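Working notes for the structure below.
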Amino acid sequence: MRTFEYKAPETIDEAVSLLKEAGGSARPLAGGTDLVVQMKERATRFPYPATIVSLDRVSELRGVDFSETDGLRIGAGATMTDVATHPAVRERYAALAEGAGVVGSLQTMNMATIGGNVCNAAPSADTVPPLLVYDAKAVIVGPNGRRTLPIAEFFRGPGETALESDELLAELRLPVPATGTGAAYQRNTPRKQMDIAVVGVAVALTLSGDAIEHARVALGAVAPTPLRAMSAEAALQGQPASEETFAKAAEAAAQDSTPITDIRASADYRRHLVKVMTARLLAEAANRAKGTA
Amino acid sequence: MPRQLISLTINGREREVAVEPHWTLLETVREALDLTGSKEGCGTGDCGACTMSVDGRIVTSCLMLAPQVNGRQVTTIEGLQSNGSLDPVQQAFIDTGGLQCGYCIPGMIVAARNLIDDNPSPTLDQIREGLAGNLCRCTGYTKIYEAVELAAERIRGGA
Amino acid sequence: MAQETKVRESTGTDANGHTAVGQRVTRLDGAAKVTGKTVYADDMKMPGMLHTSVLYAPHAHARIKSLDTAKARAVPGVHAVITAADLPDYNRKDSNRTGLIFPDKEVLFFGQPVAAVLSEDPHVAAEAVELIEAEFEPLPAVLDAVAAMEKDSPLVRDPLHDVDRSEERGHVSVETKETEQEGEPSNIASSAPFERGDVAAGFAEADIVIERTWRSAMVHQSYIEPHATIADYDISGELSVWTSTQAPFYIRDELAQAFGIPENRIRITATEVGGGFGGKIYLTELMVAALAIAVKRPVKYIMSRKDDMLAATPAPFAHIELKTGMKRDGTLTALQARLIYDSGAFPGAPMLPGCMLIGGYYRCDNIDIKGYEVLTNKVSVGALRAPGAHNATFAIESHMDIMAKELGLDPLEMRLKNAVAEGDLMPNGQTYPAIGLRECLEAIADSDVWRRRREVEATPNRGIGLAVGGWLGGLQPASAIVCLNPDGTLNVTVGSADITGTNTSFQQITAEVLNVPLDMVNVETGDTKTAPYAGMSAGSKTVYTVGRAVKAAAEDLKQQMFELAMKRLEVEPEDMEVANCQVQVKGAPDRAMTFKRFGKLSTNFGAPFPVIVGRGSIAARKTAPGFTAQAADVEVDPDTGDVTLHGYAIAQDAGFAINPLSVEGQMQGGASQGIGIALWEEMRYDEDGRLLNPNLLDYRLPTSRDLPPIETIIVEVPSEEGPFGARIVGEPSIVAGPAAIGNAIDSAVGARQHEVPITPERLLRSMGKL
Ligand SMILES: Cc1cc2nc3c(=O)[nH]c(=O)nc-3n(C[C@H](O)[C@H](O)[C@H](O)COP(=O)(O)OP(=O)(O)OC[C@H]3O[C@@H](n4cnc5c(N)ncnc54)[C@H](O)[C@@H]3O)c2cc1C
Ligand code: FES
Ligand code: FES
């Protein structure tokens, strides 16, 4: 690995000023499971960083807290293990626990942060479809203070985000899911673990009786960024939670996707998977919704 | 780049080491601390041969930078023996034949020990899940599963 | 645990009166390995050592226009930058992958080493490599082996000359009429025909004829330790190399030739091998030795995983066309095959064993098999555990299932009916010695996996598949030495690299012959200056050949003690025996001399006996082919194509399992690799011949999540020559996986798989769902 200067600030403000000072030649480091790999392979999408601003001593970035009034706050520096094992996440945000719980190995999950997953902006990032279906907001801190962005607006392309080079993702905020909500995330990979999603699908359904009051469908690895499948959501909204509705929505989700053929799979296969998995997950989410109702 | 001094507790001993910022934890431990038990199989987090425990959680040390472990507790395969006797997990790998070339083994055993510490009675499925980050090319894992079951049993039995 | 190992559980004396062999013995090196004490090449440091970073060709085929190393040399900390022009003199052999260090005119595959940077700091070396300014002029890259055979195909390279095939011969011994590339220049490096009877007549006789094409991807050995080598050349002209290899003596001989150094001035130390599987014979040693000679300092080269994926010697892609005919009663009447192995840019593809096996499992009067080894502009291939065998076996074992299904025959019964046995012909006309193919089929019939077949197959999308596999085995002479120490303990020295626990088996063999407890015997692998000669640890032959030499050495030592004891015990050697660490008179154990006494009397000052050193050396003449039968229990998700492996069983003939614990380990490890080839492993290239997945995330080895415990059944049909009847063990286990899994999937969802790996996507397409 080529060398760099290493800074370990203790506060967000300090980190931001270090980034600002460096004027684009610095890069924040969280768990390093993307960044260090990219640096070793000289495969960063940005110029090789001259300065690394490590976030691991910034305690403000840590922690996962839930309250019935404010919902869930996840510090960008929370690890996948922190997220996946947190009781409130498991109970109230099952799709997110599922997304965080499949990232690499135990070793990977102990290092990888949710902030890194989001900021690396891979189309296949496993926590992002869940964040999309829970209407998460990204809290961003820069030299000019804080701003908040709906997570869907955070992604600009593979590896591209709404962040300026001197901004940090500080936390993610997820509202409390309405009563009667069921959600789920699943991905397809050739190996059962240690793999990158060929397709990832997250859904959330809020049922009132048998009717779908509110629906979210989000897809990973089938477009330049993770995306919400809007026509699938429309096909669900207000409809009965039936196999027929799910089939239609699944079809619509496949239409919403714009996959490519790459080393992991062909576009065809990905679109097919979107359909199969969406239908299955909607059924699963509906079951969960009924379980919590 | 000038070296910087970090201090860490390695296998229970406090040490100061002068490191370059781009050194990984793995390199630091192998080259600067002369503990060569941990192996590099890929350097990119994919094989688990470099597994160490940092503050009680296992990590792939090939992806952690040396300065990141400043002030932390690191345990490597060399830290598992106590008072000159093998850890029950180490003994179980020998007894079941759960090792061949041995290159994956230091990382595998650190991961297995961590798994048992977290879950003293792991089921076969839990073992298979817990070790998925540690590739072994030689054994086909069968005897590794047996080793972890045997070790867990012995540890529960207070052996 | 669901897994069950059916094997003689023996403690004490077994039915044959054995006390040491046949026992489940833990490895001699176990404690070192579980504590991290074992020293691998990357763990070694030499004073003044330089690290190497290599520039790899960025094109599959290109002319080298210029190589400007000035900027790289200028990097502070760079000790030297070495290109073809800077190498010391060596006997270059352009037709062999390992005969050419750096090309000077043309690169032949993506990843071919072109230059090296040396520095005390590996990071500096890596950085400087990026500063080498290399200009290439791309040439047409030939990537498809089948198309490469066409007359009008562009040529991969200049015609070959004097190809050295000694490395391939270390893995398997096959007598054939192979022809090397000759006549018009073409991309066919070699070809071989195997014919018997009249195939046309055979097909005419058949009730069904099946004709299919089978493809199997290029796969990588993926040992967890990448290639690692250190070399040092001292002022007196001695070359020392420490390297992760299965073949120290082979390397010595090659380096001696390459540099014109006498063999007694080269020391090759086979460091602990972190996995080889055929891929660690001889690769980086010539380059590293040349670098050390060039700079007169120790040089270390550790391949990164990416280097290793790009520029080691993986196993070939194969395209196999097979036509078989069978009568309604299950008699195989004709077999015609064309096997094309993609050798990459240098010869070395294991086409011969593929031909031998495709026509070697079943009796058939009419065969016509042609093998081709074809060059392409891809990395050249080497051996992977039973090289070439899984590709061919996938074809024939899938055919057997198709035919059984079409004829309504039981796949196991039908195989038993045709399976070869002692005296049957191999494709090259030789006859089989005693073998255990049928016994393996009978054993797998009794496995839990096969016995639950009816029940499993009643479950939708679940199926059980069966396949056999085998390997003919290699032969090389071998030798060993056993020394008696003053305290009566014994040291065994061999020259074979211990990769699979072979030294532990040698400990058992010695203890058995001398009737002593295991801990009286220690075994060490020496380097090429100190150890007696042994062939490469490849071709599954280490216990089979070196084990025989160890046995002979222990017997020699015993005989020496008997003769020395004649005077004192006053009986002839025939009336003596070894027991309780002593030589004693049969029937009168109190008339004895202890080993310790022999030790003292042969080593003390003024001792009356000569030093007691047993010597064993053997020529290996007869192969001892090993067969296996395997069964897979899979479930297919019919909508996604995902495959879940619920169970796997392997039965394999070990002849005699000297150490059942390590035999089982070999069987399980090989089976897992076969499963990997069946379901996940594939080196993927883009249209320009660039490897797309040079890492262990996208090149998918099976993880523990993917592999259930493997049911392991040892079969024992003794070999003629092997120690205590042992036969080859290491390789057969990998061979059957692709076919067994393919057959299981067909049984689960009725979709025949013609290509491995069987990715979910390929599977779904075969089901017509995509
Ligand atoms: C073996 C292995 C398996 C993997 N498997 C998966 C998988 O299954 N699913 C998956 O989604 N990913 C996977 N990954 C990728 C990776 O682990 C995740 O994307 C992870 O969440 C990244 O987090 P990190 O903390 O390691 O980020 P880092 O690597 O530290 O950073 C990633 C990027 O985000 C930027 N960044 C980090 N934090 C912030 C912040 N707070 N503000 C602004 N920018 C920031 C960094 O500058 C960098 O560009 C895998 C990686 C490995 C090595
Ligand atoms: S070396 Fe760290 S995971 Fe492979
Ligand atoms: S023992 Fe060789 S890789 Fe596990």
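The values are calculated or read from the model by the stated rules, or taken from the named source; none is laboratory data. What you see is a predicted model; the values in this text were computed from it and never measured. Ideal geometry is used to build each Cβ from the backbone, glycine not excepted, and the neighbour counts take in all protein chains shown. Accessible surface is based on the protein model in full, side chains and every heavy atom, while ligands, DNA and RNA are left aside. Shrake-Rupley method; radii C 1.70, N 1.55, O 1.52, S 1.80 Å.
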- Item | Pairs of alpha carbons in the protein assembly as shown whose separation is greater than 47 Å (percent) | 34 percent
- Note on the structure: The FRET efficiency for C:GLU442 and B:ARG57, from their Cβ-Cβ distance with R0 = 51 Å and rounded to 0.05, is 0.55
- Message: Counting protein heavy atoms only and a 1.4 angstrom probe, how many square angstrom of accessible surface do chains C and A bury in total, to the nearest 100?
- Response: 2400 Å²
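Going from the alpha-carbon gyration tensor of the range C:492-539, what semi-axes, largest first and in whole Å, does one get by taking the root of 5 times each eigenvalue?
After scaling each eigenvalue by five and taking roots: 20, 12, 8 Å.
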- Query: So for the pair C:VAL571, C:ALA200, with labels modelled 7 Å out along Cα→Cβ, what separation do we get in nm?
  - Reply: 7.3 nm
- Message: Per residue, how much accessible surface does the range A:63-174 expose to a 1.4 Å probe? Answer in Å², no decimals.
- Response: 33 Å²
- Taking only protein heavy atoms and a 1.4 Å probe, what accessible area per residue, in Å², does the range B:88-156 have with all protein chains in place? 25 Å²
- Ignoring ligands, DNA and RNA, how do C:LEU514, C:LEU692 rank by accessible area with a 1.4 Å probe, largest first? C:LEU692, C:LEU514
- Item | Highest average packing first - A:103-115, C:599-611, C:178-190, Cβ atoms within 10 Å | A:103-115, C:178-190, C:599-611
- Message: With the alpha-carbon atoms as the only input, what is the per residue convex hull volume for chain C in Å³?
- Response: 168 Å³
- Query: Which residue fluctuates the most in chain A, going by a Gaussian network model with Cα springs under 10 Å, if the choices are A:ALA84, A:ALA43, A:ALA170?
  - Reply: A:ALA43
- Query: Where the only charges are on Cβ atoms (+1 Lys, Arg; -1 Asp, Glu), what is the dipole of chain C about its Cα centre, to the nearest 20 debye?
  - Reply: 1200 debye
- Estimated 222 nm signal from helices in chain A, with DSSP H stretches of n ≥ 4 weighted -39500 (n - 2.57), rounded to 500: -10000 deg cm²/dmol
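Suppose every K and R has +1 on its Cβ and every D and E has -1 on its Cβ; what is the size of the dipole of the protein assembly as shown about the Cα centre, in Debye to the nearest 20?
About 880 debye.
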- Message: Need one value for C:36-44: mean number of C-beta atoms belonging to other chains within 10 Å of its residues' C-beta atoms.
- Response: 6
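What total accessible surface area, summed over both chains, is buried at the interface between chains C and B, computed with a 1.4 Å probe and given in Å² to the nearest 100? Before the final figure, lay out the partial values.
Numbers: alone 28400 and 8270 Å², together 32380 Å².
Between C and B, the summed buried area is about 4300 Å².
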- Item | Cα-based Rg / Dmax (Å) for the range A:1-147 | 15.4, 47
- If one puts a single equal scatterer on every Cα of the range C:527-572 and applies the Debye formula without solvent, what log₁₀ I(q)/I(0) results at q = 0.22, 0.30 Å⁻¹? -0.79, -1.04
- Note on the structure: From highest to lowest solvent-accessible area (probe 1.4 Å; ligands, DNA and RNA excluded), A:LYS275, C:LYS586, C:LYS33 read C:LYS586, A:LYS275, C:LYS33
- Message: Using only the alpha-carbon atoms, how far is helix B:105-118 inclined from the longest principal axis of chain B? Give it as 0 to 90 degrees, nearest 10.
- Response: 70 degrees
- Give me the net charge of C:PHE203's neighbourhood, meaning all other residues with Cβ under 13 Å from the Cβ of C:PHE203; Lys, Arg count +1, Asp, Glu -1. -4
- Message: Can you compute the equivalent ellipsoid semi-axes for chain A, i.e. the square root of 5 times each eigenvalue of the Cα gyration tensor, sorted largest first and rounded to whole Å?
- Response: 33, 21, 16
- What distance in nm separates the simple spin-label points at C:MET44 and B:THR123, each placed 7 Å from Cα in the Cβ direction? 4.8 nm
- Message: If you count only protein heavy atoms and use a 1.4 Å probe, how large is the accessible surface of C:GLU563, to the nearest 10 Å²?
- Response: 100 Å²
- What ranking do C:266-277, C:248-259 get when scored by the average of other Cβ atoms within 10 Å per residue, highest first? C:266-277, C:248-259
- Counting Lys +1, Arg +1, Asp -1, Glu -1, what net charge surrounds A:ALA43 among other residues with beta carbon under 12 Å of its beta carbon? +2
- Query: Can you give the helix-only mean residue ellipticity at 222 nm for chain C, where every DSSP H stretch with n ≥ 4 adds -39500 (n - 2.57) and the sum goes over all residues, rounded to the nearest 500 deg cm²/dmol?
  - Reply: -7500 deg cm²/dmol
- Computed [θ] at 222 nm, deg cm²/dmol, chain B (DSSP H ≥ 4; -39,500 (n - 2.57); rounded to nearest 500): -8500 deg cm²/dmol
- Which of the peptides C:564-571, C:737-744, C:722-729, C:98-105 is most tightly packed, and how do the rest follow, judged by the mean count of other Cβ atoms within 10 Å per residue? C:737-744, C:722-729, C:98-105, C:564-571
- Message: How high is the relative contact order of chain C? Use alpha-carbon pairs under 8 Å, at least six apart in sequence, and give a whole percent.
- Response: 16 percent
- Query: Hey, what's chain C come to in accessible area per residue, 1.4 Å probe, Å²?
  - Reply: 33 Å²
- Task: Report the relative contact order of the range A:63-174, percent, no decimals, based on alpha-carbon pairs under 8 angstrom and at least 6 residues apart.
- Result: 27 percent
- Query: Semi-axes, largest first, in whole Å: what does sqrt of 5 times each Cα gyration tensor eigenvalue give for the range B:4-79?
  - Reply: 17, 13, 11
- To the nearest whole number, what is the average tally of beta carbon atoms from other chains within 10 Å of the beta carbons of peptide B:20-26? 5
- Stokes-Einstein diffusion coefficient of the range C:476-618, Kirkwood radius over Cα pairs, 20 °C, 1.002 mPa s, in µm²/s: 141 µm²/s
- Query: Can you tell me the Rg and the Dmax, both Å, for the Cα atoms in the range C:427-532?
  - Reply: 21.9, 68
- Message: Using the crude model of +1 on Lys and Arg Cβ and -1 on Asp and Glu Cβ, and no other charge, please compute the dipole size for the range B:4-79 relative to its Cα centre, in debye to 20.
- Response: 200 debye
- Message: What is the percent carbon and sulfur in the accessible area of the protein assembly as shown, measuring with a 1.4 Å probe over the protein chains and ignoring ligands?
- Response: 47 percent
- Message: Counting only other chains, and only Cβ atoms inside 10 Å, what mean value do you get across the residues of B:55-65?
- Response: 6
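Can you pull the Rg over Rh of the range A:181-290, Cα-only, Kirkwood?
On the way: Rg = 13.3 Å, Rh = 13.6 Å.
Across the range A:181-290, the Cα-based Rg/Rh ratio is 0.98.
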- Item | Percent of Cα-Cα distances greater than 22 Å, calculated over the range C:34-149 | 45 percent
